[in-house]
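The values are calculated or read from the model by the stated rules, or taken from the named source; none is laboratory data. It should be emphasised that the depicted structure is a prediction, and the values quoted were computed from it without experimental measurement. Every residue, glycine as well, gets a Cβ built from its backbone with ideal geometry; the counts of neighbours run over all protein chains shown. Heavy atoms of the whole protein, side chains included, go into the accessibility calculation; ligands, DNA and RNA do not. Shrake-Rupley method; radii C 1.70, N 1.55, O 1.52, S 1.80 Å.
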Amino acid sequence: MKEDLQKRLMQCIAHSMRPIARMMLRSGIGYPQFAELAKVAFLREAQADKDSRGRATNLSRVAIKTGLSRKEVARLNKQQSSTGQSPSSTRMVDFQSLHAERVLQLWHSDPRFVDRRGAPKELIFTDGDVTFGALVKAAGGDLPAGAVRAELLAAGAVAESEEGALRPLKRHFVPADVGEELLVGFTHMIIPVLEGVARNTDERCSTPFIQRLVYSDRLSPDAAPLFRRVAREQVTGFVQSVDDWLSANEIPDSDKQQPFRYGIGVFYYEGMPSVPTTAPRTSGER
């Protein structure tokens, strides 16, 4: 039974990773950065889990819990010590630039590919000492120059003349116009929801948070526009009333800020159903 639950949980995690990967790719963040962040997250959680005597988890047990090698755990701990950052900090992550990012970086800094003023040169694509092909080769990796060109063009990071000469339009590789909305969404929606699920499914938790969800797999398509409007109207009124209550009970601005944030989040969703579960159609707090 436990194995079946683990398989279904892995399916859920795989499903939830798709939108995360989508947002990361749009932001110019690739798998190497994500993998390093995942290691740090597993390390932090394993170290926070004390043993039966309340002692910190040692290196060997962290390796066993996380599946990381002892060498990798030691590396991450050393990196933490050298930077003075907590294991949760992204500063301890050794970010490896995406290949396209590295190409743009060299294009703006390598003496071979900048002019006397330090501006990036226009580069032809063909082979040679000062060409786009040479630039891609200098950036390392085994990706063909044509694929790198296509990705940079698609991201609006370079422009190509009628003669085929390439010039950079951006210094950094960000495939989409990502704004503060993405950070706000993660900070105020995704992280709180995940923290709530983790808390409420922990058998050691005696005070679970409210998490309610209503949904239908059989709603008439004709009723969908009405549902969107009704949901917006009712949620707007509810959220405004909660906001008014919170405002009336806040401490003055001059006082010390509280160490915790309190709130309730509501979200709308429509799309393909994810991994089937045995949860009721309407679920509430445990």
Check: So Val73 clears everything in (1) farther than 30 Å from Arg102 by Cβ; (2) surrounded by 14 or more Cβ atoms within 10 Å (Cβ to Cβ) except one condition, right? Which one?
Finding: (1)
Next item on the list: Determine the pairs where a residue that is in contact (Cβ under 8 Å) with a residue 60 or more places away in the chain, located within segment 204-217, has a partner that is open to solvent by 80 Å² or more (accessible area, probe 1.4 Å) and among the β-branched types (Val, Ile, Thr) with Cβ atoms under 7 Å apart, the partner being 6 or more residues away or on another chain.
Entry: Val214/Thr282
Next item on the list: Determine which single condition Phe125 fails, assuming it passes every other condition in (1) of a type in the set (A, V, I, L, M, F, W, C); (2) more than 28 Å from Arg22 (Cβ to Cβ); (3) open to solvent by less than 50 Å² (accessible area, probe 1.4 Å).
Entry: (3)
Next item on the list: Please state which one of Ser206, Ser241 is modelled with pLDDT of 85 or more, part of a loop (DSSP other than H, G, I, E, B) and either small (Gly, Ala, Ser) or farther than 28 Å from Glu270 by Cα (or both).
Entry: Ser206
Check: Since Arg229 meets every condition but one in (1) at pLDDT 90 or above; (2) open to solvent by less than 90 Å² (accessible area, probe 1.4 Å); (3) over 29 Å from the mean Cα position of the chain (by Cα), which condition does it not meet?
Finding: (2)
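Conditions tested, residue by residue: (1) open to solvent by less than 80 Å² (accessible area, probe 1.4 Å); (2) under 18 Å from Pro19 (Cβ atoms).
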{"site": "Phe186", "(1), (2)": "yes, yes"}
{"site": "Thr201", "(1), (2)": "no, no"}
{"site": "Ser206", "(1), (2)": "no, no"}
{"site": "Ile210", "(1), (2)": "no, no"}
{"site": "Ser220", "(1), (2)": "yes, no"}
{"site": "Ala224", "(1), (2)": "yes, no"}
